[in-house]
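Everything on this sheet refers to the single structure shown next.
The values are calculated or read from the model by the stated rules, or taken from the named source; none is laboratory data. Just so we're clear, the structure is a prediction, and the values are computed from it rather than from any experiment. Positions of Cβ are generated from backbone atoms using ideal geometry, with glycine treated the same way; all protein chains shown enter the neighbour counts. SASA here: full protein model, heavy atoms, side chains in, ligands and nucleic acids out. Shrake-Rupley method; radii C 1.70, N 1.55, O 1.52, S 1.80 Å.
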Amino acid sequence: MRTLSDIAEEYEFLEGDERYRLLIELGRELEPMPDALKTDATLVRGCSAQVWVYPTGESDKLHFLADSNAAITKGIVALVIAAVQDQPAGDVAQMDIAEALEPFDLKNQLSSNRTQGVPNMIALVQEHAARIAAG
């Protein structure tokens, strides 16, 4: 998976539809999430599309599997995951993920329907990280 800074660098040089294509490409690059993990327990509430996030890994290296049934939403999920993937749980729990996503200006680039679940995705990731970090 690409780093968030690498993605931001590429995103900065793109416009309009090219940005949508990049998001779709990022979604396709997500590690596959087995259907068995797509349950009510892993469903992110408040998203216009279905989004699932499943945490794995240890406190020193959190890892997330994620998926969505909508291509652009899946790309947004990939951005959130890129910000935290394989980081220590304590770092993820304290990270300002919304700030890390600022270079993408998602609120102005995408419709509110596509971005309304982003805070819920971030909250789910950080709550899991905080639980793991606390032991």
From the residues in region 49-70 that are of a type in the set (D, E, K, R) and modelled with pLDDT under 95, which one is nearest to the chain's Cα centre (by Cα)? Lys61
Quick one: Leu14 ticks every box in (1) open to solvent by 40 Å² or more (accessible area, probe 1.4 Å); (2) free of Cβ contacts under 8 Å to residues at least 40 places away in the same chain; (3) closer than 21 Å to Glu102 by Cα bar one, so which box is it? (1)
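Take the residues of region 41-62 that are in contact with a strand residue (DSSP E or B) (Cβ under 7 Å, 6 or more places away or on another chain) and within 23 Å of Gly135 (Cα to Cα): which is most open to solvent (accessible area, probe 1.4 Å)? Don't jump to the end; show me each part of the working.
Step one: list which residues in region 41-62 are in contact with a strand residue (DSSP E or B) (Cβ under 7 Å, 6 or more places away or on another chain), which gives 42-44, 49-57, 62.
Filter once more, keeping what is within 23 Å of Gly135 (Cα to Cα): 42, 53-57, 62.
On the way: Thr42: 13, Val53: 6, Tyr54: 78, Pro55: 36, Thr56: 42, Gly57: 42, Leu62: 0 Å².
Checking each candidate, the answer is Tyr54.
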Candidate set: region 77-135, residues that are of a type in the set (A, V, I, L, M, F, W, C) and surrounded by fewer than 14 Cβ atoms within 10 Å (Cβ to Cβ); chosen: the one modelled with the lowest pLDDT: Ala134
Among the residues of region 63-98, the number that are in contact with a Ser or Thr (Cβ under 8 Å, 6 or more places away or on another chain) and either among the hydroxyl-bearing types (Ser, Thr, Tyr) or in contact (Cβ under 8 Å) with a residue 60 or more places away in the chain (or both) is 3
Restricting attention to region 66-87, does a residue exist that is among the aliphatic types (A, V, I, L, M) and farther than 26 Å from Arg19 by Cβ? no
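Sort out which residues of region 18-38 are in a loop (DSSP other than H, G, I, E, B) and open to solvent by less than 80 Å² (accessible area, probe 1.4 Å), and write them in order of number. Please lay out each step first, then the result.
Initial filter on region 18-38 (in a loop (DSSP other than H, G, I, E, B)): 30-34, 38.
Passing the criteria: Leu30, Met33, Pro34, Lys38.
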